[in-house]
Each structure stands twice: as C-alpha cells, then as structure tokens.
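S.K.: One structure, pasted below without further comment.
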Amino acid sequence: MSVPSIKIPLETGGRPPRWALGTVLAVAAYTPFALAEDAAPQAGASNAQLEEVLVTAERRESKLQDTPIAVSVIDGGEIQRERLVNLGEIAAKAPSITFNQVNHSESFISIRGTTIGNDAAGIDQGVSVFVDEVPTTGFGDDSPDLYDLQSVEVLRGPQGTLFGRNVTGGAVLIRTAPPSFTESGRVTATYGSDNLMEVQGFDTGPLVDNVLAGKLSADVRRRDDFLTNLTLHDKTYGENLGSFRGQLLWTPSSQIRVLLGGDYLDDASAGKTQWLVGNFQPSLFPTLSYSPDNTNQGSNARTDKKVGGLLTHVDWQLPIATLTSITGYRKVDEHVHFSTSGDPFNSIISDPVIHDNQISEELRIASPAGQRLRWVGGLFYLHADRAYLQTVSYDAVPGTRLNALAQFGVPSLARFLSPYVNQANQHVAVDSKAAFGETTVEMISGLKMTVGARYANESKSGHTEISDTSVQNPALSSGPYSKSWTALTPKALLSYEPVSDVMMYLSATKGFESGGYDTNGTTNAELASAYNPEYVWSYEGGFKTALLDKRLQINLAVYDAEYKDLQTRNFDPISGNIIAGNAAKARVRGGELEVEMLPIDWLTLGFSYSYTDAKYRSYLIPNAPPAPPTDNSGHTIPFTPHNAANVRAETHFAASGGAGRIRIGADVTYRSAIEFDDANDTPRFIVAKSAYRGVLNAHATWSSADDRSDVTIWSKNLTDKRAIINNADLSNFFDTFAEYNKGGYVSIDNWNDPRTVGIGLTRRF
C-alpha cells in the first residue's frame, strides 16, 4: 500500500515560499469576514467547539487565546494518543523550535535561532527546560521521558520578567499530571519494531480524604539494537531505560496546597552512535558505508545515565494574592563511551563523565486573574556544581592527511604521530540570583498595558586542568577563576481585544544570558578567560483569534530579535571539541502561524508554520598573525531552518452499534535544509540531506464505550524519510592529500530515526 504525500517545496534561501506567504495573507484577509460570520451563527448549527486550552506562561492559569505571548501547547491526551516520547517530537509540531538530540545523554534546544551544541560545564544554554516549574541542569537533563503529563508548553522569545532563570530564546514548560483525590489509574503496554517493549502506568488516589493524595507513575522501555555495525558484525543503537515519579498532594486547608515530588531516570541505552557520510571512498578505508542504516564505528557506544530530582511546591492563597514557593533539586551522573570519529579503527574515542548537582528556589507572589490591575513578582536563587571530565583518545591512521601534516612540518600537529590521550577536566560553580516582576493594567475596556523588569546577578567560578600523554603539549592548569555579570532586562507590552475572542499585541523585551568558561585554550590565561554574556532585544507583534463559534483558531506572531554578543559554538575537527565564542551582532527575524480548525464535528485539522531569517551581522574570529580574521558576517546561524511546517488531521467518531469510539490521525512535517557551522561551508550535498521532506506519523485508536480500554496502532516516520540532524567535518582523519585535492569529504553525522510501528493496549481502572 502506497502512502500519499503532499509535496510542499521548502526553499533554503532567505525568503518564505509563496505558499506560506499566500497562507498568511489568506488568513489575514479572511479574518474580518470570519468575524462578521461568527457574530451571527446560523440556527441549527452544531454546538461542537475546539477545546479551550489553558496555559501557565504568565505564571498563573490563563486561556491560550487570551495570553499575549507566542506559545504552543501540546496537551497530555495528544502526547498519549500519538505516543510522543521526547521533545524532538514536540518540536516537530511547534513553530521555530529545533531539538537536536545527538544521543540519549546529549540534547540541545534552539528557539528562534539561539545557538546550540556545547557541553562544557561552564556553559549555559539559551533555552531552559522547566519540569513543574523547576529548571533542569542543562543538556544532560533536557530530555525527560514524556509520560503521564498535563501538557508541554513552548514559549518563544525572552521570558525574563516572569522567570528567574535565564531564557533568551525561550522556555519549555513540562507539567506533570498531579495527584488526584479521585481513585484512578492507567496501564499501557506497547510492542513495536525491533522488539520494542514498553510499559507505562500510574496509580493515584486519596490517602487521607480531602487532605492527602498520592501518585506513583513509571515508564520502562526496552528496544533491541537495530542498527547494523559493519565493522563489528553486530547491532547497536537500542534502548534500555526506566523512569519513575512519585508525588504527594497535601491540602491542610482550602488556602494551602503543597505538592511534594521526586523523579528518577536510569538510562543504559546504546548511546551516541556516529554515522559517516562522504562523497568518495577513501583508499585507506575501502569498506565504509554511508547508509543511514549502517555504522562503521570500531567501538559501540555505551551509556550509564542517572538523573534524579526532588520538588516542593507550596501555594498559599492570601486575601489579595497567591504566595508560591518552589524548591527544586536536580542531580545528573553520567558516563558515556563512544567513537567520535565513527571509523573502523577508532581514530577518536571519547569517554566523558558528567556530575551535576543543582538546587533552586523561587518565591513568587501573584494577584488573582481577571482584575483590571494584575501583577506578579518574585525572587529566584540557583546554585549548581558542575563537573565535566572529557577523556579523548587519538590514533590517526598512517597515511591520512592529518598524519601527513604531523609528519612533514606542522609542529602543532606532531602529537598525532603516535596514539595519545587528552583529558580536559572542568569544575564550575554557578550562583544565579534574580528579582523579577511585571504589572498589567487595563487602561480602557479591552486595552491593557504590561511593564516589567528582571534584575539578575550571575557568577561562575571554578578551575580547569588539561593534560595529554604526548610530549608536544604541556599540561595546563587554570584556577581558581571567577567572574560575575549583572543585567537589568525590561519588558513593555500592549494588548487589545476589540471584540470577544480577538486579541492583538505588541511587545519589546530584553533578554540576558551570562558569560561562561570553555575548556579550549592553549594557555592557562585562555582557560581562565570568560567569553561574553549574550543580550537580545526582541520586538514582537501578533494576534490570536477564535472564530466561527470557536471552531477556528488562528494565532500569528512576527518578531525581530537583535542580538549583541550572541554566544556561538563551533566544532574543531582537530581536537574534536566544541569551541565557545561570541558574534558581535546577530539578527533573527521571522513569523509563526498556528491554525486549528473543526470544519465538521468529526474532523480536526491543524497547521503550523515558521519562517526564520537568522543571520550574523558582525562576526570576526581572530587568527594567528599575520593571517586576517575569519569573517562569518552575513552567514546563516546553524541549525535554523528558513521554513518549517507541520500539517495534521484527526477524525473522531462513534463506532457502529455503540461499540466505542474511533480516532484516526496523521501529521506530516516539512523542514528546509539547515547549516551546520558558522562558516556555512558544509558541502551542499550534506546540507541537502538535512531537509525534512515529508516525515509522516500516523495513529489509530479504538476506545471502549465505557472509556476503560484503548487499542492504538501507531507509526513514526511511516514514509521512512531520513535527514541529517548533526554534522561535523572529519575529512582529515580519512582522506589522503591526493583525495583532499580532488575535493574529498567525509563527515560524522547523526540521522533522524527510521520508520517504527507498534501497537499499544491501555486499561484504565
């Protein structure tokens, strides 16, 4: 059976495709007529409406359509029905977000062009993930299992006046389902491709009537190794993990609500697998395969990752406000082994070890919703101890270009003449303090003004030691070093509701991300030198509508983000490390459109689209004299597609004879090609393979008449469309000089997952 696909051309240039512009213009042109039609619905029309969505983007519950922030929401029901298991599958549905999970232990998130990719202990990311309002520790803690959730919210743009943590690009808010005073539970057993076996479940109910409720939930998943290793003649890249969560809800009075929780994840999956992609067959590596179904690595990856956390969330209803305290603790212990070079001879083997401990406290007070004068304010503190030990073993194959350069006259590469081991050990302590708040006043009916600010002080201190077993490089030891940064980041916003269910807004917001310390440097002074903090002014305008008697929702946002000292990360093909730096100026402009429609009672349609123009405006990288600086000005920011779209549909109807209900749905994702480095010099045949050309997911669910049993058949990437999601040039470890002079190129890459299918059985009790 062939699977039909919709051909949507996604351009890789700097302009949106005509179909996207046409869609936006059609929506804008249609809105006045839809408003008029909505004002006078015809007699006998159906009462069916799109479900009302509640969000916590403003730190209190509000309707999505009334919230003047660019935010996307995936609710827990959709996550369960479609078996969304990680944030990458969330990112496919939400505009302007890229989730780059290169392995189970390493994931990076970009929203609206924020750069990604460095895992050093002294570095923060431009996007923060919050689980039940507690910030995670970073790239090793940014991909929790998605099970038993209320919702996932993706907030785009700086959010500093509402959050204590730095969020220049945006925030991802994961809300778990809390304990209930109504006894209930659910168990889902799943079987799928490559002997995928998963059991998810929860049990919740009262422990003391109307006073204390508890909940236990778990997710255990195993999948056989399914990727063929041609070198070792076996398989790799399976899954083996389990995560657990326990919560207590205590309500000693109607004014006090206390949530206590703990979570734990144990992941022993195959870890970071490297693929190779090239445009020729190297003479020194005559058996390489460039297929996404095979790997050539001489050592399979291993992961031992343990992540845990504790939570105390207290809400106290005062006569004029709600006082909230959120205390969180996060801990990450991770040992990973993988072949960085991905070749049969293990030219580069990495063995990173991560130990992170973090405690955070937020004290917040917020006025009730629905008043003419609303306000929220808070204090935030975070202390983190981060340790990262990166052990890398090098053994360049004789005859390769790198080995030849080391042998014939490049002193800095002489260490590659024989195998050696390099260790970079970094310990960094982070202290972040902030005061934040904003006030909204309704000046006249429907017109509201919001002003706010955040004052932040962030300091980092630590030490770095680097050593290797070659005789060419001296051992380095730098520390203790320390530096602190302060910033005041304001916000101003106007929103207007001319009629019911139509809201327009304009905002200007400043964002801040502190500087940090990298592990790359050739002197002690370089190791102790911090790169600069990042600042952004984000200007945004948008409208949100609920039309046709709430059967059609249209949300549109356009923005211009002007960055100063945008933090950058670049891969060094010699050391195999990511190097941090700053681009003096960058600009990210774009638009985002989300449409939900219920054209007939049994059919729901959805569409999301983002156009992003992300460019470095001024970006010079100094080189050793007399060489001129490298100029990346005008280049596209990596991992930021110009165009991305997701089209979805779901039909839902009663089965014949009263035998329950049926849902059948699918969504297809398109994404234009991306750049992989600041120089934008990745060969075009690699860049072309990064486009998503119709990644199709599908699901069908039968639910019993009493809603106690479900049977779901699902498929991910049904069309088996493969795309490169990460790339790094390692040609000098593979080619000879003759092959290099002919344009030979070999890189290590990561691909999106292949087709998987499965069936899930759910029982509620």
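S.K.: Which FRET efficiency value, to the nearest 0.05, is calculated for Met449 and Ser618 with the Förster distance at 41 angstrom and r the Cβ-Cβ distance?
M.R.: Working: r = 34 Å, r/R0 = 0.83.
Computed FRET efficiency for Met449 and Ser618 comes out at 0.75.
S.K.: Classify region 348-499 as rounded, prolate or oblate from the Cα gyration tensor: take a ≥ b ≥ c as the square roots of its eigenvalues, call it rounded if a/c is under 1.5, otherwise prolate when a/b beats b/c and oblate if not.
M.R.: prolate
S.K.: Can you give the extra length, in nm with one decimal, that the chain gains between Lys63 and Asn680 once fully stretched, where that is 0.36 nm per residue apart less the Cα-Cα distance?
M.R.: On the way: separation 617, 0.36 × 617 = 222.12 nm, distance 4.14 nm.
218.0 nm is the gain from fully extending Lys63 to Asn680.
S.K.: Any idea which of Gly238, Leu248, Phe345 is furthest toward the positive side of the dipole for region 228-371, if Lys and Arg beta-carbons carry +1 and Asp and Glu beta-carbons -1?
M.R.: In region 228-371, that residue is Leu248.
S.K.: Report in % the part of the accessible area of the chain that belongs to carbon and sulfur, leaving out ligands and nucleic acids; probe 1.4 Å. Don't jump to the answer; show the numbers that get you there.
M.R.: Details: 18090 of 30490 Å².
Answer for the chain: carbon and sulfur cover 59 percent of the accessible area.
S.K.: If each of Ser704 and Leu379 carries a label point 7 Å out from its Cα toward its Cβ, how far apart are those two points in nm?
M.R.: The two pseudo-label positions are separated by 5.4 nm.
S.K.: Here is a follow-up. Ranked from highest to lowest mean number of other Cβ atoms within 10 Å per residue, what is the order of the peptides 88-98, 392-402?
M.R.: Values: 88-98: 24.2, 392-402: 19.5.
Ranking, from highest mean packing down: 88-98, 392-402.
S.K.: Pulled fully out, how much extra length does the chain show between Ile320 and Ile713, if you take 0.36 nm times their separation in residues and subtract their Cα-Cα distance? Intermediate results must be reported in sequence, preceding the final value.
M.R.: Working: separation 393, 0.36 × 393 = 141.48 nm, distance 4.97 nm.
Length difference between fully extended and current span is 136.5 nm.
S.K.: In addition: Net charge within 9 Å of His313 by Cβ-Cβ distance, Lys/Arg positive one each and Asp/Glu negative one each, not counting His313 itself?
M.R.: On the way: positive: Arg257; negative: Asp132, Glu133, Asp315.
My count for the surroundings of His313 gives -2.
S.K.: Aspartates and glutamates near Lys550 by alpha-carbon distance under 18 Å, same-chain residues fewer than 8 away left out - which ones?
M.R.: Partners within reach: Glu37, Asp38, Glu51, Glu52, Asp66, Glu497, Asp501, Glu594, Glu596, Asp601, Glu650.
S.K.: Using 0.36 nm times the number of residues separating Gln371 and Ser299, minus their current alpha carbon distance, what extension gain do you get?
M.R.: Values: separation 72, 0.36 × 72 = 25.92 nm, distance 6.20 nm.
Going from the current span to full extension adds 19.7 nm.
S.K.: Follow-up. Just to be sure I understand: if I project the alpha-carbon convex hull of region 427-481 onto a plane and average over all orientations, what area do I get in nm²?
M.R.: Details: hull surface 26.8 nm².
Averaged projected hull area, Cα only: 6.7 nm².
S.K.: Could you tell me which label, among (1) 33.1; (2) 43.6; (3) 53.0, carries the value of mean projected area of the Cα convex hull in nm² calculated for this structure?
M.R.: Working out mean projected area of the Cα convex hull in nm² from the coordinates points to (1).
S.K.: Same structure again: Would you list, by chain and number, the aspartates and glutamates whose Cα falls below 13 Å from the Cα of Lys491, excluding same-chain residues fewer than 8 positions away?
M.R.: Within the straight-line limit of under 13 Å, Lys491 reaches these aspartates and glutamates: Glu438, Glu540.
S.K.: Report the calculated FRET efficiency for Ser529 and Ala654 (r = Cβ-Cβ distance, R0 = 51 Å), to the nearest 0.05.
M.R.: For R0 = 51 Å, the calculated efficiency reads 0.15.
S.K.: Also: At 222 nm, what value in deg cm²/dmol follows for the chain if DSSP H runs of at least 4 each add -39500 (n - 2.57) and the sum is divided by all its residues, to the nearest 500?
M.R.: Working: 7 runs with 54 residues, N = 765.
Only helices count here, giving -2000 deg cm²/dmol.
S.K.: Set Lys and Arg Cβ to +1 and Asp and Glu Cβ to -1, take the dipole of the chain about its Cα centre, and tell me which of His427, Ile365, Gln390 lies farthest positive.
M.R.: Towards the positive end, the residue furthest out is Ile365.
S.K.: Describe numerically, in nm with one decimal, the distance between label points set 7 Å from Cα along Cα→Cβ at Ile359 and at Ser467.
M.R.: Here the answer is 3.3 nm between the modelled labels.
S.K.: Can you give me the relative contact order of region 145-292 as a percent, contacts being Cα pairs under 8 Å and 6 or more apart? The partial results should precede the final answer.
M.R.: Values: 295 pairs, mean separation 22.1, N = 148.
Here the relative contact order equals 15 percent.
S.K.: With 20 Å as the limit, write out which pairs from Lys306/Lys433; Lys93/Lys544; Lys63/Lys544 have Cα-Cα distances beyond it, or answer none. Write down the numbers at each step before the final one.
M.R.: Numbers: Lys306/Lys433 28 Å; Lys93/Lys544 18 Å; Lys63/Lys544 11 Å.
Violating the 20 Å Cα-Cα cut-off are Lys306/Lys433.
S.K.: Also, I was wondering about something else. If we sort 192-198, 128-134, 645-651 on the protection proxy, mean other Cβ atoms within 10 Å, highest first, what's the order? Mind dumping the intermediate values first?
M.R.: On the way: 192-198: 17.1, 128-134: 22.6, 645-651: 19.6.
Sorting 192-198, 128-134, 645-651 by mean packing, highest first, produces 128-134, 645-651, 192-198.
S.K.: Tell me, what is the FRET efficiency for Val258 and Leu232 to the nearest 0.05, using R0 = 56 angstrom and their Cβ-Cβ distance as r?
M.R.: So the FRET efficiency works out to roughly 0.60.
S.K.: Could I ask something else about it? With each pseudo-label sitting 7 Å past Cα toward Cβ, what's the Gln281-Lys550 distance in nm, one decimal?
M.R.: 6.4
S.K.: Moving on to the next point. Is there a quick way to get the dipole size of the chain? I mean about its Cα centre, with the Cβ of Lys and Arg at +1 and of Asp and Glu at -1; what is the value in debye to the nearest 20? If you can, show how the numbers build up before the last one.
M.R.: Numbers: 65 positive and 86 negative charges, 209 e Å.
Approximately 1000 debye in magnitude.
S.K.: Compute, for region 182-221, the length of the dipole vector about the Cα centre, with Cβ point charges of +1 (Lys, Arg) and -1 (Asp, Glu) only. Units Debye, rounded to 20. Write out the running numbers ahead of the final one.
M.R.: Details: 3 positive and 6 negative charges, 8 e Å.
In debye, rounded to 20, region 182-221 gives about 40.
S.K.: Straight-line reach from Lys615: which lysines have a Cα under 17 Å away, not including same-chain ones fewer than 8 places off?
M.R.: Lys564, Lys585
S.K.: With point charges of +1 on the Cβ of Lys and Arg and -1 on the Cβ of Asp and Glu, referenced to the Cα centre of the chain, which listed residue (Thr519, Ile79, Leu593) lies farthest in the positive direction of the dipole?
M.R.: So the residue furthest toward the plus end is Leu593.
S.K.: Another one. Provide the packing ranking of 616-629, 520-533, i.e. peptides ordered by the mean count of other C-beta atoms within 10 Å per residue, highest first. It would help to have the intermediate numbers written out before the result.
M.R.: Details: 616-629: 11.9, 520-533: 16.6.
Per-residue Cβ counts within 10 Å, averaged per peptide and sorted highest first, yield 520-533, 616-629.
S.K.: Using only Cα atoms, find the angle between the long axis of helix 18-39 and the longest principal axis of the chain, and express it within 0 to 90 degrees, rounded to the nearest 10.
M.R.: So the helix axis and the longest Cα principal axis differ by about 10 degrees.
S.K.: While we're here: With a cut-off of 8 Å between alpha carbons and a minimum separation of six or more residues, what is the relative contact order of the chain in percent?
M.R.: Values: 2185 pairs, mean separation 94.1, N = 765.
Reported as a whole number, the value is 12 percent.
S.K.: Another question, then. Per residue, how much accessible area does the chain have with a 1.4 Å probe, in Å²?
M.R.: Numbers: 30490 Å² over 765 residues.
Heavy-atom SASA per residue in the chain reads 40 Å².
S.K.: From Cα pairs below 8 angstrom and at least 6 apart in sequence, can you work out the relative contact order of region 493-560, rounded to a whole percent?
M.R.: 31
The values are calculated or read from the model by the stated rules, or taken from the named source; none is laboratory data. Bear in mind that the values here come from a model prediction, so they are computed numbers and not experimental data. Don't worry about glycine lacking a Cβ; one is built from the backbone with ideal geometry, like all the others, and counts go over all protein chains shown. These area figures cover heavy atoms from the full protein model, side chains too; ligands, DNA and RNA do not enter into them. Shrake-Rupley method; radii C 1.70, N 1.55, O 1.52, S 1.80 Å.
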